[in-house]
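The values are calculated or read from the model by the stated rules, or taken from the named source; none is laboratory data. All of these numbers come straight from a predicted model, not from anything done at the bench. Note that each Cβ is placed from the backbone with ideal geometry, even for glycine, and that neighbours are counted across all protein chains shown.
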Amino acid sequence: MGNTFKTAFLLTLLTLLLMFIGRAFGGQNGMILALIFAAVMNFVSYFYSDKIALAMYRAQPVTREELPRAYAAVERLTQKIGLPMPKIYVIPTDSPNAFATGRNPQHASVAVTQGILQLLTDEELEGVLAHELGHVNNRDILISSVTATIAGAITMLASMGRWAMIFGGFERDDRGDRGGGLAALFMLIVAPIAATLIQLAVSRSREYQADATGAHFTGNPYALASALQKLDAYSRRVPMAATPSTAHLFIIQPLLGMNFGNLFSTHPPIAKRIERLTGRPAEFTQ
C-alpha cells in the first residue's frame with residue numbers, strides 16, 4: 001500500500017508544481033495551454049507507445065511453438081490472476097532484459113530478450129514474467145503517461161517563461177526588481193529538474209510495486225530475487241543501449257550512457273529490490 005500512496009502523493013506534488021509554475025508565468029491560460037499540448041503528445045504516446053517501443057528494439061512476435069517456455073509461464077500466470085493473454089515478443093539481443101507495454105490488460109505485450117532466455121532458469125523466468133504482468137495489472141503505462149503529461153507541461157511552461165524573460169528582458173531591473181527576476185529565473189531552471197525527479201521517483205516506486213505484485217503472483221519471491229541478481233551481473237557485461245524515453249519500461253535499467261546515481265535513475269538499486277523481496281540484505285555489492 002505504501003507504494004500506491006507514494007505514487008498518489010508524487011502525482012499530487014507534480015500537479016501542485018504545475019499550478020504554481022503556471023500561475024507564476026503562464027497565468028491560468030498559459031497553464032491550461034501547456035497541459036493540453038502535453039496531454040495531446042502523451043495521448044498519442046499512450047495509444048502507440050507499445051508499437052513504438054517494440055519497433056525501436058526490433059522485437060519480433062513469437063508463437064507458442066517458437067517459445068514454449070515463456071508461453072507456458074505466461075499462460076499459467078494469466079489464468080491464475082485472470083488477465084488476458086498478452087502478445088509475446090523476442091528482442092534480438094544477448095543483453096538480458098524484458099519489458100511489458102500496452103495501455104491496458106487487453107492490449108498488453110511482453111517482450112523478452114534472447115539473452116534473458118539463455119540466462120534464467122524456468123522459475124526465474126516466471127518471476128520476471130510475473131513482474132512484467134504486475135506492471136500490466138497495476139496499469140503502470142497509464143500512470144507513467146499521466147506523470148509524463150504533467151512533467152512535460154511543467155517543462156514547457158518553464159521554457160515559455162524563459163523565452164518570455166529573454167525577449168521581455170529584465171526591464172524592471174533598474175527599479176530594484178533584480179531580486180525578483182533572479183528568483184524567477186532560478187525557479188524556471190529548478191522546476192523542470194524537480195518535475196523530472198518526481199517523474200523518476202514515480203517510476204522507481206512502480207518498480208517496487210511490480211516486484212511485490214510479481215512475487216505475489218508466483219508465491220516465490222526468491223526466484224525473482226535470484227533473476228534480478230543474475231540480470232544485474234550479466235547486463236553489466238553485455239549492456240543494452242536504450243533511449244531515455246523507454247528506459248523505465250525494462251525490468252532492470254538499461255545503459256543510458258551516463259549514470260548520475262540513484263537520484264536520476266528510473267529504477268531502484270537492485271540490492272534494495274532484492275532486500276525488499278527476500279527480507280534479507282542482498283549478498284553482493286551494488
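Would you say SER95 is modelled with pLDDT of 85 or more, of a type in the set (S, T, N, Q) and more than 14 Å from SER109 (Cβ to Cβ)?
It is true that SER95 is modelled with pLDDT of 85 or more, of a type in the set (S, T, N, Q) and more than 14 Å from SER109 (Cβ to Cβ).
Among residues belonging to segment 41-61 that are modelled with pLDDT of 90 or more and surrounded by 19 or more Cβ atoms within 10 Å (Cβ to Cβ), point out the one that is farthest from SER109 (Cα to Cα).
Ranking the qualifying residues of segment 41-61, first place goes to TYR57.
What residue, of ALA108, ALA38, ALA72, is touching a strand residue (DSSP E or B) at 6+ places or on another chain (Cβ under 9 Å) and small (Gly, Ala, Ser)?
ALA108
Looking at the structure I just gave you, is ALA70 in a helix (DSSP H, G or I), out of contact with any Leu (no Cβ under 9 Å at 6 or more places or on another chain) and small (Gly, Ala, Ser)?
no
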